[in-house]
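Down below is the structure, laid out as structure tokens.
The values are calculated or read from the model by the stated rules, or taken from the named source; none is laboratory data. Since this is a predicted model, take the numbers as computed values, not measurements. Glycine gets a Cβ as well: all are built from the backbone with ideal geometry, and neighbour counts include every protein chain shown. Just so you know, the surface numbers come from the protein's heavy atoms only, side chains and all, with ligands and any DNA or RNA stripped out. Shrake-Rupley method; radii C 1.70, N 1.55, O 1.52, S 1.80 Å.
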Amino acid sequence: MPPSAQELQATARRGVEAMQRGAYSEARQSFEEVLANGAKTSQLWLLLAEACFRMPDDRRAQEALDEVLKVEPRNPFALIMKGDLFRRAGDDQAAIPYYRWAVGAVGGQTSLPGDLPQRVEAARQAIADIEMQFEAHLSGRLSEAGIVEIPPRMREALAIAAGRQAVYLQQPTSFYYPGLPNIAWYHPAQFPWVKAFEDAAGQMAAEVRQILDEGAGIHPYVQAPKDRPSKGHALLDDPRWSAFYLWQDGMRVEENAERCPTAMRLLESPPIPRIPGRSPMAMVSILRPGTHIPPHTGMLNSRLICHIPLIVPDGCRLRVGAETRAVTFGKAMIFDDSIEHEAWNDSESDRAVLLFEIWRPELDEQERLALSAVYGAIRAYRDSDG
């Protein structure tokens, strides 16, 4: 006659008591008996796995955990224990996805049962340790191959391979043009016209300081559209991120342009798109003290954004993709804004940069002409809609 439900519950309790005493073999026998008599719950399989892990009997622990994950594939206790078993067997590459799945399964939950918080923290530490060991292994092999100084792109590739860094790709919000290289930062030396901007930074800064002192013509950069649903933004209609436009939607803003004669003269040189109703686009971008522009991507991947820093207190940074750079007075920063980027002004005074867009250098004249026609057609269609 099989044992009753009450008897099975008593046997399971004895198993738990044995676990608490550290009598793992005894606990295992109790849990095996209950499972053999049909009470095959995820909790019992998990208890059996824990007892076998402690004995240790890794093969049986793996079998028990597989039973749990058949029913509850995101059970964090089971996932972490699977990772622990593989790591104990010396297979870190098999262990790390289980740890990652477990950490992902709990997400940002603040209330976790039992000792799960400690287990999750141990899993996070294991991920960090494994990633560091893997990166050191790869770096060692490069050193053995005679590569003393690792090129920047290789350093980024190693960080991605080790799981320490995300992959940042072009993600324009409006129009994607295929086949363009995924380069976050461009070296200013690639562009012969940059030197003139850098040399004139002092003159432009004097003009911008007067604009900031007077305050006229400065408006929040992110504004809700009047004829379209707002996509929302942390700085929507917020003057902490403001713009003083020199060119806006392809139109020269005369009253502003007259106040920045040096910038307007220099803006004749770069390969700025000229598209009716859209480009040129050039402005003084103003970031007020203590302001953070959250991560976002631009509309197009066929352009680059140029910053000429003009008023730069300490504590100003710009991240594009994986790399964060300090903003330095008079030093041009050229980047692909279709790759995720963000900016900070951690100072107690305003930051101001001259900001404008240029064609990507990889586009030939025929492509620029075609893109201008397409962007112009999109703008005209939108304006005529309804």
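Assorted remarks:
- Asp249 accessible area, 1.4 Å probe, all protein chains in place, Å² to nearest 10: 70
- In order through region 66-79: 3J(HN,Hα) via Karplus (6.51 cos²θ - 1.76 cosθ + 1.60), integer Hz, x for Gly, Pro: 4, 5, 4, 6, 4, 8, 10, x, 10, 5, x, 4, 5, 4
- Net charge, Ala105 excluded, C-beta distance under 12 Å - Lys, Arg +1, Asp, Glu -1: +2
- To the nearest ten degrees, helix 365-384 and the longest principal axis of the Cα atoms of the chain are 90 degrees apart.
- Between Gln171 and Gln203, the modelled labels are 4.2 nm apart [label points 7 Å from Cα along Cα→Cβ].
- Derived scalar couplings between HN and Hα for region 350-355 equal 6, 10, 9, 10, 6, 10 Hz in order, rounded to whole Hz, by the Karplus curve 6.51 cos²θ - 1.76 cosθ + 1.60 (θ = phi - 60°), x for Gly and Pro.
- The residues neighbouring Glu348, those whose beta-carbon lies less than 14 Å from its own, together hold a net charge of 0 under the Lys/Arg +1, Asp/Glu -1 convention.
- Think of each Lys and Arg Cβ as +1 and each Asp and Glu Cβ as -1; about the Cα centre, that makes the dipole of the chain roughly 360 debye.
- Spin-label model, Lys70/Ser4: points 7 Å from Cα along the beta carbon direction are separated by 3.0 nm.
- Pairwise centroid distance, computed over Cα atoms, of region 299-336 with region 1-62, Å: 60
- Our estimate of slack between His187 and His137, defined as 0.36 nm per intervening residue step minus the Cα-Cα distance, is 14.9 nm.
- The residues of region 56-197 expose on average 59 square angstrom of accessible surface per residue, using a 1.4 Å probe on protein heavy atoms.
- Length gained on full extension, Val374 to Ile147, computed as 0.36 nm times the residue gap minus the Cα-Cα distance: 77.1 nm.
- Region 24-40 - phi-based ³J(HN,Hα) in whole Hz, Karplus 6.51/-1.76/1.60, Gly and Pro as x: 6, 5, 5, 4, 4, 4, 5, 5, 4, 5, 5, 5, 5, 9, x, 8, 9
- Surface exposure of region 268-328, expressed per residue as accessible area with a 1.4 Å probe, stands at 34 Å².
- The distance between label points at Ala128 and Asp314 comes to 2.8 nm (points 7 Å beyond Cα on the Cα→Cβ vector).
- Of the solvent-accessible surface of the chain, computed with a 1.4 Å probe over protein heavy atoms with every protein chain present, carbon and sulfur atoms account for 53 percent.
- Under a 5 Å amide H cut-off, with hydrogens placed 1.01 Å from N, Gln223 pairs with Asp237 among residues at least 5 apart or on other chains.
- Think of the chain as a dipole: +1 on every Lys or Arg Cβ, -1 on every Asp or Glu Cβ, centred on the Cα centre; then among Thr291, Ser279, Ala373, Ala373 lies furthest on the positive end.
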